[in-house]
1. Filter segment 206-237 for residues that are basic (K, R) and either outside any helix (DSSP H, G or I) or at pLDDT below 90 (or both) and give the result.
2. Going through segment 118-144 one residue at a time, which ones are surrounded by fewer than 19 Cβ atoms within 10 Å (Cβ to Cβ), of a type in the set (G, A, S) and in contact with a Ser or Thr (Cβ under 9 Å, 6 or more places away or on another chain)?
3. Which condition number does T106 fail, the rest of (1) surrounded by 22 or more Cβ atoms within 10 Å (Cβ to Cβ); (2) modelled with pLDDT of 85 or more; (3) touching a Ser or Thr at 6+ places or on another chain (Cβ under 7 Å) being met?
4. Can you find a residue in segment 238-258 that is aromatic (F, W, Y) and assigned to a helix (DSSP H, G or I)?
5. What about L172, is it farther than 30 Å from G329 by Cα and not hydroxyl-bearing (S, T, Y)?
Amino acid sequence: MSGGARERGFASEVVEADGSYEATARVVDPGRSEDDRVVEAALRPRRLAEFPGQPRVRDQLGLVLEAARRRGRPPDHVLLSGPPGLGKTTLAMIVAAELEKPLRLTSGPAIQHAGDLAAVLSSLDEGEVLFLDEIHRMSRSAEEMLYLAMEDFRVDVIVGKGPGATAIPLELPPFTVVGATTRSGLLPAPLRDRFGFTAHLDYYDVADLVQILHRSAGLLGVEADEDGIREIAGRSRGTPRIANRLLRRVRDWAQVHGEGHVDLAAAQVALALFDVDAVGLDRLDRAVLEALCRRFGGGPVGLSTLAVAVGEEADTVETVAEPYLVREGYIVRTPRGRAASPRAWTHLGITAPRSAPLQDLLPVDGDSDDTAPGRFGG
């Protein structure tokens, strides 16, 4: 590793000083500290039977893996889609564990050339599981090579340039690709069709998050009562990653300012300190609602104008704050821009102005153009 390089995350990529990635996939054997291992253990169950929530996905994936084991062959390629933090990487690790095969990890941004992918594929052994995170961000040339590799277990390596270039076919042992994406609509149809099993992970309900938090608290050695756990679960936006992060922050507060025990009072005070309100909205969420309601009279307002008002990039507002606010009914995406719903006014404790009903802003046929400028431009 070069002097300016550093490890990125827990898995496969090395980030160089110039921000580039090394694409080589690696068998997961990280040398992390014991505390890191404990935290990750809390986040990542090792077997399908231990995976909480997502019962339909769990049952379907279990059937696919069991059938493959009985046939003695690698299972079909698996595509996992859904919002961040719901367990796509964990399920990829579980697939490898259930098959008792090594897992290699890399990501779409790390594979920007067909040669990068060829190097990864040529190093696979029979039955190995290759996890491609953010698979929709692969380069087009790498995607086209992956089509052939997934279907025929073969890649064509180009040797030379120009008229003298020669394609040398390279046979690959059977393997399983597990792809993960937060934006399945960006995957080209030919790539999506080569996955034999596709699963979409949805947000978790509070009961599942309570189960996850109890398990995490036990692995982290955190003393927590039911009321404290349920308070954290209710503010976790249906996402296990957020739930575990909030649990650690409440633990920190309890150890520094409390008695080391996570109860309802500790959870409420700690989450207030970290700007997580009673329904799970954070600083950015509330800033978006405040801008919509106080500055723009409830909208509609264009995305770029809204982003400038809260001091964030438009992509950040659209991908980080907006999905949860829309799902929970705080804002509405209309053909004329974003508009605040009655629930947003109520949550902020503000009386909504007398104006046109919200339904008048919605498209008649249900087909909205979210890129159209709002009443305030953008």
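The values are calculated or read from the model by the stated rules, or taken from the named source; none is laboratory data. Remember, it's a predicted structure, so these values are computed and weren't measured experimentally. Please note: Cβ atoms are built from the backbone with ideal geometry, for glycine as well, and neighbour counts cover all protein chains shown.
1. Of all residues in segment 206-237, those basic (K, R) come to 215, 230, 235, 237.
Residues satisfying the conditions are R215, R235, R237.
2. Within segment 118-144, A119, S123 qualify.
3. All conditions pass for T106, except number (2).
4. So the first thing to find is which residues in segment 238-258 are aromatic (F, W, Y), and the list is 253.
Those left that are additionally assigned to a helix (DSSP H, G or I): 253.
Yes: one or more hits.
5. Details: farther than 30 Å from G329 by Cα: yes; not hydroxyl-bearing (S, T, Y): yes.
Considered against the rule, which asks whether it is farther than 30 Å from G329 by Cα and not hydroxyl-bearing (S, T, Y), L172 comes out as yes.
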